[in-house]
Each structure stands twice: as structure tokens, then as C-alpha cells.
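In what follows, a single structure is set out as C-alpha cells and then discussed.
The values are calculated or read from the model by the stated rules, or taken from the named source; none is laboratory data. Not measured: the values here are computed from a predicted model. Don't worry about glycine lacking a Cβ; one is built from the backbone with ideal geometry, like all the others, and counts go over all protein chains shown.
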Amino acid sequence: MPATVLVLMYTGFELLQQLDHHNFELVFTTAYEKFALKAIKCSALDYLLKPIDADDLGQAVEKCLKKSRKVSCQVNWKYSCTTSAI
């Protein structure tokens with residue numbers, strides 16, 4: 001979910017601090033390179049500089065999908081293991 005609207009009240013980093021945890025992939029987009037290290041420390045999967053290149057955005061989305069599929073497969077594997085043991 002793009003957080004651009006929410007950033008009117010908070011910076012992206014302030015918004016993250018308001019969360020106890022997050023169960024989503026994080027891709028920071030900004031016009032400033034100086035926030036890259038802080039974004040990575042906040043577990044950002046990618047960091048895109050504005051103006052955003054369509055190919056870079058596509059690659060960032062693909063990273064998110066791959067990670068999401070990997071987690072989903074791990075959850076499904078754990079679930080099938082626990083149910084087969086019963």
C-alpha cells in the first residue's frame with residue numbers, strides 16, 4: 001500500500017515507528033539519497049529514487065513477490081508438516 005497520503009502527517013520513518021511490527025515488504029521511494037542507509041536499517045527490501053524508473057519499480061515489485069512466495073511456501077510447508085504428524 002503506498003503511504004504517500006499518510007506521509008502528509010508523518011515521514012515514512014515516523015510512520016514505521018508508530019507500528020509495533022510490520023508484516024509487509026517495504027520499498028522506500030524518495031528524491032533524496034541520504035535516507036538510503038536508514039531505510040535499509042528499517043528492513044526496506046528496496047530503495048527507489050524519484051523520478052522512479054519503470055524497470056526499477058518492476059524489479060522492486062518482483063523482489064517483493066519472490067519474498068512473499070518464499071514466506072508463503074515456508075508457512076504452507078510448516079502447516080502441512082504439523083497436520084501430517086497428527
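Mind checking which residues of the range 13-46 are of a type in the set (A, V, I, L, M), closer than 19 Å to Glu62 by Cα and not in a loop (DSSP other than H, G, I, E, B)?
Listed by number, the residues that qualify are Val27, Ala39, Ile40.
When you scan the range 56-73, do you find a residue that is among the hydroxyl-bearing types (Ser, Thr, Tyr) and modelled with pLDDT under 75, even just one? Please lay out each step first, then the result.
Here is the first cut: in the range 56-73, the ones among the hydroxyl-bearing types (Ser, Thr, Tyr) are 68, 72.
Of the ones still in play, those that are also modelled with pLDDT under 75 are 72.
For the range 56-73, residues among the hydroxyl-bearing types (Ser, Thr, Tyr) and modelled with pLDDT under 75: present.
May I ask you to list the residues in the range 38-55 that are surrounded by fewer than 10 Cβ atoms within 10 Å (Cβ to Cβ) and at pLDDT 90 or above?
Once the filter is applied, which keeps residues that are surrounded by fewer than 10 Cβ atoms within 10 Å (Cβ to Cβ) and at pLDDT 90 or above, the range 38-55 yields Lys50, Pro51, Ala54, Asp55.
Pairs, please: C-beta under 9 Å, at least 6 apart or cross-chain, first residue surrounded by 10 or more Cβ atoms within 10 Å (Cβ to Cβ) and at pLDDT below 70 and in the range 1-20, second assigned to a helix (DSSP H, G or I) and among the small types (Gly, Ala, Ser)?
Here the result reads Ala3/Gly12; Leu6/Gly12, each pair linking the range 1-20 to a residue that is assigned to a helix (DSSP H, G or I) and among the small types (Gly, Ala, Ser).
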